[in-house]
Amino acid sequence: MNAFRFLGDMTHLFSVLVLLLKIYATKTCSGVSRKTQELYLLVFVARYLDLFTDYISLYNSVMKIVFITSSAAIVWYMRRHPQVRRTYDKEQDTFRHSVLVAATFVLALIFNDRFTFREICWAFSIYLEAVAILPQLVLLQRCRNVDNLTGQYVFFLGAYRAFYILNWIYRYFTEGHHSRWIPWIAGLVQTGLYADFFYYYFLSWKNNVKLELPA
Amino acid sequence: SSKLPGHDEL
């Protein structure tokens, strides 16, 4: 475990917790793509199948449980909570995320480390995480609504990607040149999509600030 | 399979 990876895990965790807290506190989820949150939950479930079979460390197991429960809580609030679900932009959150699930699953069937159920699910979760932000990106481009996408949320998402890329560079130079092209290529695609998301977030935030300025 | 590179990461 190196500092980059630990900080990456912490900022990733904070991004999920900040969103959950925001929805819990304000009881609204306008501007948040439920589809992206459902994809994130699927990413965690598909990747953490080894939660009950392989024990790596207490940290690893605790973090997996926290990631799954907090992302499940966000989906629960947006689907089931009577007050929150009313504020979900159902008509705007129209990205066909089932296409993303199917495409990444086929990709995992073709490109994986081993053709076993666990490895195909692991590769699937890596590919899906890379594109999971797309429904949220489309929703943001369409609505420019950053009410629930707080600056902290976006900051932690960005920090998570930055630290993980530093982690991969660090591991590449210290642990030998294992072929880790699956997380590397998917990670680069994911970072590119996040950069696009940050661009539209900044545009929306800038417009909001202009709107709020006294006329 | 957590022995495979990258599989110990979250």
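The values are calculated or read from the model by the stated rules, or taken from the named source; none is laboratory data. Every value quoted in this text rests on a predicted model; they were computed, and no experiment measured them. With ideal geometry, Cβ positions are generated from the backbone for all residues, glycine too; neighbour counts draw on all protein chains shown.
A:HIS178 is checked against (1) outside any loop (DSSP other than H, G, I, E, B); (2) within 14 Å of another protein chain (Cβ to nearest Cβ); (3) touching a Gly at 6+ places or on another chain (Cβ under 9 Å); (4) not charged (D, E, K, R) and fails just one. What number does that condition carry?
Among (1) outside any loop (DSSP other than H, G, I, E, B); (2) within 14 Å of another protein chain (Cβ to nearest Cβ); (3) touching a Gly at 6+ places or on another chain (Cβ under 9 Å); (4) not charged (D, E, K, R), A:HIS178 violates only (1).
In the set A:PHE163, A:PHE156, which member is more than 12 Å from every other protein chain (Cβ to nearest Cβ), crowded, with 20+ Cβ neighbours inside 10 Å, touching a helix residue (DSSP H, G or I) at 6+ places or on another chain (Cβ under 7 Å) and not polar (S, T, N, Q)? Walk me through it before giving the result.
Numbers: A:PHE163 fails: more than 12 Å from every other protein chain (Cβ to nearest Cβ).
The match here is A:PHE156.
Residues are listed down the side, and each one gets a yes or a no for (1) aromatic (Phe, Trp, Tyr); (2) within 18 Å of A:TYR127 (Cβ to Cβ):
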| position | (1), (2) |
| --- | --- |
| A:PHE67 | yes, yes |
| A:ARG80 | no, no |
| A:VAL84 | no, no |
| A:THR87 | no, no |
| A:LYS90 | no, no |
| A:VAL99 | no, yes |
| A:PHE111 | yes, yes |
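Within region A:4-22, identify whether any single residue is within 14 Å of chain B (Cβ to nearest Cβ), surrounded by fewer than 16 Cβ atoms within 10 Å (Cβ to Cβ) and in a loop (DSSP other than H, G, I, E, B), and answer yes or no.
For region A:4-22, residues within 14 Å of chain B (Cβ to nearest Cβ), surrounded by fewer than 16 Cβ atoms within 10 Å (Cβ to Cβ) and in a loop (DSSP other than H, G, I, E, B): absent.
Pairs please, first residue from region A:159-178 and closer than 16 Å to A:GLY192 by Cβ, second anywhere and in a helix (DSSP H, G or I) and among the β-branched types (Val, Ile, Thr), Cβ atoms under 7 Å, 6+ apart in sequence or on different chains.
A:TYR160/A:THR11; A:ARG161/A:THR191; A:ILE165/A:THR191
For the condition modelled with pLDDT under 95 and more than 25 Å from A:TYR24 (Cβ to Cβ), what is the one hit in A:LEU166, A:LEU213?
A:LEU213
Which of the residues that make up region A:189-215 are in contact (Cβ under 8 Å) with a residue 12 or more places away in the chain and under 22 Å from A:ALA108 (Cα atoms)?
Correct list: A:VAL189, A:GLN190, A:THR191, A:LEU193, A:TYR194.
Identify the single condition in (1) surrounded by fewer than 16 Cβ atoms within 10 Å (Cβ to Cβ); (2) over 15 Å from the mean Cα position of the chain (by Cα) that A:TYR77 does not satisfy, given that it satisfies every other one.
(1)
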